[in-house]
Amino acid sequence: MTFPTSISAAQYSAIAISRSAVPATLTEAALKANFAAASNYLEIKNVRDMPALGTPANIVKVPVYGQAQTQSIGAQSDAPDLELTVNFVPSDWSKSGNAFSGTGTLGDAVGDGVAKVFQVALLTAKPVSLMTGGTTANVGGSAASPVPNALIYFVGKVESLLVTPARDDAMTATVALSIQSDFYGPYTVTAST
């Protein structure tokens, strides 16, 4: 099983950040290689709300002399604001003082100014892992239990973390991501054998 083939909720969507350097060319193979092993990435857990992903439309009306109506053209659009709302678990976001690309934590990635590859996995069932390669079960599941998946990639930075304490609900935090590239995908990973 690869791409989802029917209308369904993306109940187990997940977002992960690669510890590997941004590849020189942003091809499907190079992007997936950044998530080939479990040690290559960290998952942003406890995501409560995901933003819309992709390139928004920016249609501009252009008057044309001698015509009764304007024409419309697609202009360069502004990158969308990507803000995730997560149920805040302080230990997930603590700072270790190490470089994120080494043994650092998600907290070390916040505001470090280093571009990273992000993987957004849209899933209809919970996968074994978010890995895109290897001989063990990956984001596509196993041959016995495949998981339909669609993967979207982009290069960006973790800009800020804004915590909202709550006395009547779970503490939440808003994680702001900046975008440094186009969106790539959706791609898919076939269940491992």
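The values are calculated or read from the model by the stated rules, or taken from the named source; none is laboratory data. From a predicted model like this one, the values you see are computed outputs, not experimental measurements. Because the Cβ atoms are built from the backbone with ideal geometry, glycine has one as well, and the counts that use them run over all protein chains shown. SASA here: full protein model, heavy atoms, side chains in, ligands and nucleic acids out. Shrake-Rupley method; radii C 1.70, N 1.55, O 1.52, S 1.80 Å.
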Averaged per residue, what accessible surface does the range 49-193 expose to a 1.4 Å probe, in Å²?
-> 54 Å²
How do ARG167, ARG19, ARG48 stack up against each other in accessible area, from largest to smallest, with a 1.4 angstrom probe?
-> ARG167, ARG48, ARG19
Convex hull of the chain built on C-alpha atoms - directionally averaged projected area, nm² = 15.0 nm²
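At a Förster radius of 35 Å, what calculated FRET efficiency corresponds to the Cβ-Cβ distance of SER142 and GLN71, to the nearest 0.05?
Efficiency for this residue pair is about 0.10.
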Label-point separation (nm) for ASN46 and GLU28, each offset 7 Å from Cα along Cα-to-Cβ?
-> 3.6 nm
Run the dipole for the chain about the Cα centre, Lys and Arg Cβ at +1, Asp and Glu Cβ at -1, nothing else charged, and hand back the magnitude in debye, nearest 20.
-> 280 debye
Computed about the Cα centre, the charge dipole of the range 99-193 from +1 Lys/Arg and -1 Asp/Glu charges at the Cβ has a magnitude in debye, to the nearest 20, of 220 debye
Positive end of the charge dipole of the chain (Lys, Arg +1 and Asp, Glu -1 on Cβ, about the Cα centre): tell me which of GLY111, THR85, ILE17 has its Cα farthest that way.
-> ILE17
Express the carbon and sulfur contribution to the solvent-accessible surface of the chain as a percent, rounded to the nearest whole number, probe 1.4 angstrom.
-> 53 percent
Taking every pair of Cα atoms in the range 72-151, average 1/r, invert it to obtain the Kirkwood radius, and report Rg/Rh to two decimals.
-> 1.07
Assuming a ≥ b ≥ c are the square roots of the Cα gyration tensor eigenvalues, decide whether the range 105-190 counts as rounded (a/c under 1.5), prolate (otherwise, with a/b larger than b/c) or oblate.
-> oblate
How would you rank 121-132, 50-61, highest first, on the average number of other Cβ atoms within 10 Å across their residues?
-> 121-132, 50-61
